[in-house]
Amino acid sequence: MSFPGTAPNGQPYSDKSKVVVGLLQIFLGGLGIGRFYTGHTGMAVTQLLTCGGLGLWALIDGILFLTSSTRTDKQGRVLRG
């Protein structure tokens, strides 16, 4: 059971939005901007160095952020819808 303001896993929701992250990944994922936004700096730098996996990784990542309800920020909090 989850309480108001908490995710199904019992943790509080992140202050980050999955829609914002998804759009950042789709449009600026080659620079790792969406991953920087969520605090995943190691993955963001990797995306930056590989141009988002030549765009494919960034596109898939953006779609997954938009469609998944279990994506988290660096602290493990579920992103808001």
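Just so you know, all these numbers are worked out from the coordinates, no wet-lab data involved. Note that the structure is a prediction, hence the values are computed from the model and not measured. All Cβ positions, glycine included, derive from the backbone under ideal geometry; neighbour counts span all protein chains shown.
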Which of the helices (runs of 4 or more DSSP H) found entirely inside the chain contain at least 2 residues meeting this: crowded, with 17+ Cβ neighbours inside 10 Å and of a type in the set (V, I, T)? 18-28, 33-38
Close pairs from region 31-56: first under 23 Å from S14 (Cα atoms), partner outside any helix (DSSP H, G or I), Cβ under 6 Å, at least 6 apart: T38/K16; T38/D73; G39/D73; G39/K74; H40/K74; A44/G32; Q47/G32
